[in-house]
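The values are calculated or read from the model by the stated rules, or taken from the named source; none is laboratory data. Keep in mind it's a predicted model, so treat the numbers as computed, not measured. All Cβ positions, even for glycine, are placed from backbone atoms using ideal geometry, and neighbour counts span all protein chains on display.
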Amino acid sequence: TPAGKEMLKQNVKILKDNPALRVRIAGHASAAGSDQYNQVLSEKRAEAARNYLVEEGGIASNRIETVGYGETRPAQVESNPADLGSAAAQANMRGVFEVIEK
């Protein structure tokens, strides 16, 4: 999404401005789909963000770890997991950046 791309650009700037910084990108998924599918999807989501930082932003790959949590750590409870357009599902389909070393 355009908002997601803008967030990635902001993270590139932060990483360039702080060359010692290392981050972990945690991928998450909504409750729609099987546990296995959502696990793989969340891992791919984190990897896609990492690839953008490395390929488009020029950030060294050894500064970025990735992990996928599937649907195991929701930001919001989804009353109807089949509704991917719900605010809860949208909130759960995310990537979270965590500083792991300053």
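For the range 58-70, how many residues meet the condition of being within 22 Å of Gln39 (Cβ to Cβ) and not in a loop (DSSP other than H, G, I, E, B)?
Kept after step one, since they are within 22 Å of Gln39 (Cβ to Cβ), are these residues of the range 58-70: 64-70.
Still in the running and not in a loop (DSSP other than H, G, I, E, B): 64-68.
The qualifying residues number 5.
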Qualifying residue in the range 63-73 (condition: of a type outside the set (A, V, I, L, M), modelled with pLDDT of 95 or more, out of contact with any Gly (no Cβ under 8 Å at 6 or more places or on another chain) and closer than 21 Å to Lys102 by Cα): yes
- prompt: Got a number for residues in the range 71-102 being assigned to a strand (DSSP E or B) and of a type in the set (A, V, I, L, M, F, W, C)?
  reply: 4
- request: For residues that are farther than 15 Å from Ala48 by Cβ and among the β-branched types (Val, Ile, Thr), scanning just the range 59-82, find the one that is surrounded by the fewest Cβ atoms within 10 Å (Cβ to Cβ).
  value: Val77
message: With touching a residue at least 60 places away in the same chain (Cβ under 8 Å) and either closer than 16 Å to Met7 by Cα or not small (Gly, Ala, Ser) (or both) as the only criterion, which of Arg94, Arg50, Arg45 stands out?
response: Arg94
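Considering the range 1-57 alone, what residues qualify as being of a type outside the set (A, V, I, L, M), part of a loop (DSSP other than H, G, I, E, B), surrounded by 14 or more Cβ atoms within 10 Å (Cβ to Cβ) and at pLDDT 95 or above? Give the steps one after another, and end with the answer.
Kept after step one, since they are of a type outside the set (A, V, I, L, M), are these residues of the range 1-57: 1-2, 4-6, 9-11, 13, 16-19, 22, 24, 27-28, 30, 33-39, 42-45, 47, 50-52, 55-57.
In the following step, the residues that additionally are part of a loop (DSSP other than H, G, I, E, B) were identified as 1, 18-19, 28, 30, 33-34, 56-57.
This time we only want the ones that are surrounded by 14 or more Cβ atoms within 10 Å (Cβ to Cβ), so: 28, 30, 33, 57.
Answer for the range 1-57, where residues must be of a type outside the set (A, V, I, L, M), part of a loop (DSSP other than H, G, I, E, B), surrounded by 14 or more Cβ atoms within 10 Å (Cβ to Cβ) and at pLDDT 95 or above: His28, Ser30, Gly57.
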